[in-house]
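All of the numbers you see were taken from the coordinates with simple rules; none came from a lab. From a predicted model like this one, the values you see are computed outputs, not experimental measurements.
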């Protein structure tokens, strides 16, 4: 059976980059792809750096609400947070004993995330790709949607699975295949077209949050960095114009059109005409998500119930694999 899995860290409000880069594709996969879909909140990954416990709890609930507001249906997909399924941590340790330090030393994201304080980083931050491998392998996942920055980690998961199977003489794990969603969009900052839209940016004006109201969205788009040149008639004319390229890409993604189609409609016009059109599109598309998000946040018990139900379903799927992994290693329990 085809089984697809994706995860996201519970870091608070979702922004437009999260929505167009991943979440909208999760919803489409849920509705259009065959097989089972599992979507999880990676709260165990979140603690690789310091978190305020109350804030992490709140962020987990809020992220679950945002996913449901964006279209993830707990009746169609399995939605849960890692901490409710102990098998993630259990399998993580078993795979730590299979993974090799040399493999982890080649992971580029640790160097980026640890910065200059590498010696002061947690072991979890260094080794979290192994827990990522456990997340995937635990469910006999066949397909994992990945962006360019996660391809290396999925290759590690495949290497770990292959070595475990070889070392134990078993076929305990399925080797997952990467899938790159064709409609995934890479959305950049409204203040810097060369930097990804990110919650960590200190300027709230750099991003569109899914909870932003209509006035806030219009203000942010009006103040978004652009240039003085009119829009070209085709995509090639946007080269070297990072901010212009980003705003057109946002419009194209929101409208489900190609960049060339958008430019054909706005060619020769300046941003004085384009920005109001983009604002209107964003407001109308995001309004129902924001409304539903507000309703869900007002009922935390319903959010917890959805996560508990998803965790129970995930636990049932995980049990055969974690049992097989223990048995393959000769561990009695």
Cα gyration tensor shape of the stretch 204-295, rounded if a/c is under 1.5, else prolate or oblate by comparing a/b with b/c: prolate
With Cα atoms, 0 to 90° folded angle of helix 214-223 axis to the chain main axis: 70 degrees
Global form of the stretch 189-233, assessed from the alpha-carbon gyration tensor, a/c cut-off 1.5: oblate
On Cα atoms only, tilt of 151-168 relative to the major axis of the chain in degrees: 10 degrees
Evaluated over the stretch 21-75, the Cα radius of gyration and Dmax, each in Å: 13.1, 39
Centroid-to-centroid separation of the stretch 137-174 and the stretch 24-46 [C-alpha atoms, Å]: 18 Å
Net length gained if the chain between residue 57 and residue 117 were fully extended (0.36 nm per residue, minus Cα distance): 18.9 nm
Chain lengthening between residue 163 and residue 96 when straightened (0.36 nm per residue, less Cα-Cα): 22.9 nm
Length added when fully stretched, residue 198-residue 267, from 0.36 nm per residue minus Cα-Cα: 21.9 nm
Identified option (computed Rg and Dmax of the Cα atoms in Å; candidates (i) 18.9, 58; (ii) 29.3, 121; (iii) 21.3, 72): (iii)
Ellipticity estimate at 222 nm from DSSP helix runs (n ≥ 4, -39,500 (n - 2.57)) divided over the chain, nearest 500: -16500 deg cm²/dmol
Most mobile of 277, 236, 87 in a GNM of the chain (Cα contacts under 10 Å): 236
Helix 271-297 axis, angle to the chain major axis (alpha carbon atoms, nearest 10°): 40 degrees
Choice from 104, 156, 210 with maximal GNM fluctuation in the chain (Cα, 10 Å cutoff): 104
Sequence-separation-based contact order of the chain, relative, with Cα cut under 8 Å and 6+ spacing, percent: 23 percent
